[in-house]
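Undergrad: Okay, here's the structure, questions in a sec.
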Amino acid sequence: MAISIPIFSSQLEKSREATDLANVRSAYAKIMAEAIDTEIPEPIKVDLAQKKLGWQTSSTLTVGGISNNDKDNWIGEPDEDGFCMVSYEKDTGAILNWSGGYSGTIDYSINNYLNFNTLENTGNMDNNAAYFSNQTFRIGAKTVKVRVYYAGGGPFKDALDKWTLQPSTYENSPFYKVQNNNSTTETKDGFAYYTFGEDKKIDNFIYVSPTAVYQTKDEGKTWYNITPPTKNPTGQEKQ
């Protein structure tokens, strides 16, 4: 006579957690191996089996040389049916981004460029002055100051269409040669650009640094590392 042994939900969740960690460790190993030959490996998305927010163990968790106490490399927590984005940045190393992405903020209190009507009222919406200098925002623990371009029309849209998304310096941005003024702004952190959707709300905001690319679709509350694989980190135009 067979005897059934009940599996408590906490035990089942710990089993799912162990499976997820094993899969993330495998993705980490692949990223680190690719980083030897590829300057910026393509990020790997690992779908999670866990059904609860957070971790079921109170002990320190590790993946490779990263622990959940390393705030620059271990970001967020797993969520129900969430994911872990495993990526690599030259200056930071491997990054484990659990479900929620990087938290962040955008400071647009001085020039509310994220408002469609505000931008339209500048009269520069479709010309080569559709930008705002020295704008600050935070991505995780990092705060940057850059020039932000509206790339939904005019010469900036045309320039963007000819460019391949990749890490880039300010001087190698697609907008640098066509803007009406390339001074009066901080340049070391790269640049950013955005577009509006049909509802006149931000549908895409991209920050490009010399080493990585980040995207937010909720006006800076959450950022994702979307750095594509490339061997050309200077940001040259398509040929």
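Just so it is clear, none of the values below were taken in a lab; they were calculated from the coordinates. These numbers were taken from a predicted model, which means no experiment stands behind them. Note that we place each Cβ from the backbone using ideal geometry, even for glycine, and neighbour counts take in every protein chain shown.
Undergrad: So which lysines pass the test for LYS14, namely a Cα distance under 18 Å, with those fewer than 8 places away in the same chain ruled out?
TA: Cross-link targets: LYS51, LYS52.
Undergrad: Here are several values of mean projected area of the Cα convex hull in nm²: [x] 18.4; [y] 12.2; [z] 16.7. Which one was derived from the coordinates shown?
TA: Recomputing mean projected area of the Cα convex hull in nm² here gives the entry labelled [z].
Undergrad: Could you sort 33-44, 54-65, 81-92 so that the peptide with the highest average Cβ count within 10 Å comes first and the rest follow in order?
TA: Per-residue mean Cβ counts within 10 Å order the peptides as 81-92, 33-44, 54-65.
Undergrad: I would also like to ask the following. Less than 20 Å apart at the alpha-carbon level, and either on another chain or at least 8 residues along: which lysines does that give for LYS200?
TA: LYS157, LYS217, LYS221
Undergrad: Roughly what angle does helix 9-37 make with the longest principal axis of the chain, taking Cα atoms, 0 to 90 degrees, to the nearest 10?
TA: Here the helix axis deviates by roughly 50 degrees.
Undergrad: For LYS30, go through the aspartates and glutamates and keep the ones whose alpha-carbon is under 15 Å away, minus same-chain ones fewer than eight residues off.
TA: Of all the aspartates and glutamates, those that pass the test against LYS30 - Cα under 15 Å, at least 8 places apart if same chain - are GLU39, GLU42, GLU89.
Undergrad: Return, ordered by residue number, the residues of region 145-167 whose backbone nitrogen is under 14 Å from a label point located 7 Å along Cα→Cβ of GLU120.
TA: No residue qualifies, since no backbone N sits under 14 Å from the label point.
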